[in-house]
Amino acid sequence: MLAALRCVIHRDLLLAARRSSDVLTVLLFFVIVVSLFPLGVGPDPALLRTIAPGVIWVAALLASMLALHRMFASDHADGTLEQILLGATPLGMTVAAKILAHWLISGLPLVLISPVLALQFDFPRERLGVLILSLALGTPVLSLIGAIGAALTLGLRGGGALLSLLILPLYVPVLIIGAGAAEAAVSGLGGQAQLLLLGALLVFAWAFAPWAAAVALRISTE
Amino acid sequence: MEKKTGTPSLEAVDLHCVRGERRLFGALSFTLRGGELLRIAGDNGSGKTSLLRIACGLLEATSGEVFWAGEDIRRLHEEFWRQLVYIGHANAIKDDLTAAENLHVACTLAGVRTQPARISEALRLLGLAGCGHLPARALSQGQRRRTALARLALSEAMPLWILDEPFAALDAVAVEQVQNLIAEHLSRGAAVILTTHLEAKITASAVRRIDLEAT
C-alpha cells in the first residue's frame, strides 16, 4: 500500500517537473499580486506593515484556488482516475497522497517565497517565522478543503466558477485565522493562539477531507 | 496461484441500466466462472461500456447486483479490485511520462509489484521494444493502446480481466498478440470479459456471448 502512495506522489511530482509552467503560473501569480500592493498603495511603511498579513494571505488563498481545478482534471481526462478508483489501495489514502503532492507543488513554493515578499512590506524580520508558520499550516488546509470541491465539480461544464463559489465560504475561516496570526505577530501579541487553531484545523482536515473527496470522486465519475 | 477450481466466479443478477432517459438494458443476468470468456456484443451506444463499468464497480446499476465469489462487489471494494484488471476506453497513459513509467504506475496502483526487467519484457512482447524510454507523447495511438495492454502481460495473477474494446487502434500483429495473452490467461483458469467488434479468435474452454440488442 505504501508503495502505491509513494508511487502516486512521485508520479505527480515528476509530472509537475516535466510541465513546470503549471507550477510557475501559480507562483508567479502570487508574487505579482503581492508585489503590486506596495506599488498601488504607496510607500508609507506604517500602512504597508498593517496590510501585509492580509495581502499576503489573500494572495496565497487566490493562488492556491487557481491551482485547484488541476488536482483531478488531467487524471479524469486520460482515464487514470478510473485506475485510481479501481486501485488496490483504499481510495481515501490515494486521494490523501494526491493532495499532499498537490500541496508540495502549489502550496509549498508560496510558503517558501513569502518571507522575501514580506520584506517589501517592511514586515518585522524577527516576526517572519509566525507568517511562514501560519502559511505552512494554512495552505495545506486550503488544499485539503479544495480537494473536496475539485472532486465534486469534476467534469462539470463551468466547473471552475462553481468550484470557487463552493469553496470560498469554507476558505474564509482559514483566511481569518491565518491572517490573524500574522497580524498578531506584527502588533507584538505573538499569534500562538491562532497558530494552534490553524494546527487543529489542519489535523481535522487531514483526517476527514481525503475521505470526503474520495466519496465525491466516486459520485462525479459515475 | 489461482487454480481452476479456486477462481471465484462473477455473477450478475438482474441488472438494469438507465442512463439519462434511455433504457440501455434490463433483466440481464450472467455467471462467469474461471476459464470462461464472456464477449459482449452490441452496436455503438447499446451499453457495452456501461455494463463493463457496472461489472467492475465504477458505475452503479439502476437496479440489480454483481457478486464476486458470492459477495456483493459494493461491499468488497478493494478486496475485489485487487483481483481485477480493467482496461477502459481511455488508455490511462500520461503524455509526459515514458511508456515504461506509465506501465510501472499502472501496475503499482493495481497492487502488482514489478521490476524494470519485467516491464521492458512486457513492452517487448507487445512490440514496443526500444520505446520504453520515449515519452508517451511521441507514441502513436496504436502504440499507446499497446502500452496500456502491456499491463496484461504483468497481471497473470489477477483472476479477472475486464477489457473495453481491447483491439481498437491495434494492427493485425498486435491483435494476435493480445488474443494470445487472453487465451493463455483463460487456460490458467482466469475469467475474461471483453467487448469487441472483431470476431475474436480466442480459444477458451467456454466462450459466452451477450448481445445487448437482444435483451
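Please treat every number below as a calculation from the coordinates, not as lab data. Treat the numbers as computed from the prediction; the structure is a model and nothing was measured. When we count neighbours, we look across all protein chains shown, and the Cβ atoms used for this are built from the backbone with ideal geometry, even at glycine.
Structural remarks
- Average projection area in nm² (convex hull over Cα atoms of the stretch A:172-212, one quarter of hull surface): 2.8 nm²
- Share of pairwise Cα separations in the stretch A:121-213, more than 16 Å, in percent: 56 percent
- A simple rule links phi to the HN-Hα coupling: the Karplus curve 6.51 cos²θ - 1.76 cosθ + 1.60 with θ = phi - 60°, which for the stretch B:182-192 gives 5, 4, 4, 5, 5, 5, 6, x, 9, 10, 9 Hz, with x for Gly and Pro.
- Using a Förster distance of 35 Å, the FRET efficiency for A:V41-A:L14 (Cβ separation, nearest 0.05): 0.30
- Only Lys, Arg, Asp and Glu carry charge here, each on its Cβ (+1 for the first two, -1 for the last two); on that basis chain A has a dipole of about 220 debye about its Cα centre.
- Lys, Arg +1 and Asp, Glu -1 on Cβ, resulting dipole of the protein assembly as shown about Cα centre, debye, nearest 20: 480 debye
- All aspartates and glutamates inside 18 Å of B:K201 as judged from Cα atoms, apart from same-chain residues fewer than 8 positions distant: B:E36, B:D164, B:E165, B:D171, B:E176, B:E184, B:D211
- Using a Förster distance of 60 Å, the FRET efficiency for A:A193-B:A169 (Cβ separation, nearest 0.05): 0.50
- Taking all pairs of distinct alpha-carbon atoms in the protein assembly as shown, Kirkwood radius in angstrom: 23.8 Å
- Across the stretch B:24-38, rounded Karplus estimates of 3J(HN,Hα) from the backbone phi angles (6.51 cos²θ - 1.76 cosθ + 1.60, θ = phi - 60°) give 7, 7, x, 6, 9, 9, 7, 10, 10, 9, x, x, 9, 10, 10 Hz, Gly and Pro being marked x.
- Nonlocal amide H pairs with B:I210, under 5 Å, H built at 1.01 Å: B:R39, B:I40, B:A41
- Computed from the C-alpha gyration tensor, the three semi-axes of the ellipsoid equivalent to the stretch A:45-90 are 40, 11, 4 Å, from longest to shortest.
- In chain B, helices alone account for a calculated mean residue ellipticity at 222 nm of -9000 deg cm²/dmol, with every DSSP H run of four or more residues adding -39,500 (n - 2.57).
- With θ taken as phi - 60° and the Karplus curve 6.51 cos²θ - 1.76 cosθ + 1.60 applied, the whole-hertz 3J(HN,Hα) list for the stretch B:46-51 is 8, x, 4, 4, 4, 4 Hz, x standing for glycine and proline.
- Inter-part distance where the stretch A:181-222 and the stretch B:100-164 are each reduced to a Cα centre, Å: 39 Å
- Mean projected area (nm²) of the alpha-carbon convex hull when the stretch B:1-74 is viewed from all directions: 5.3 nm²
- Per residue, the Cα convex hull of the stretch B:91-157 amounts to 70 Å³.
- Between A:L170 and B:S140, the modelled label-to-label distance comes to 4.6 nm, taking each label 7 Å out from Cα in the direction of the beta carbon.
- Under Stokes-Einstein, with the Kirkwood radius over Cα pairs as Rh, the value for the stretch A:2-220 at 20 °C and 1.002 mPa s is 120 µm²/s.
- Annotation: amide H of B:E36 within the under-5 Å range of B:V192, sequence separation 5 or more or interchain, hydrogens built in the peptide plane.
- Mean projection of the Cα convex hull over all viewing directions, computed for chain B: 11.5 nm².
- Two-site label geometry, A:I51 and A:V116: point separation in nm, points 7 Å out along Cα→Cβ: 2.3 nm
- Relative to the longest principal axis of the Cα atoms of chain A, helix A:192-220 runs at roughly 30 degrees.
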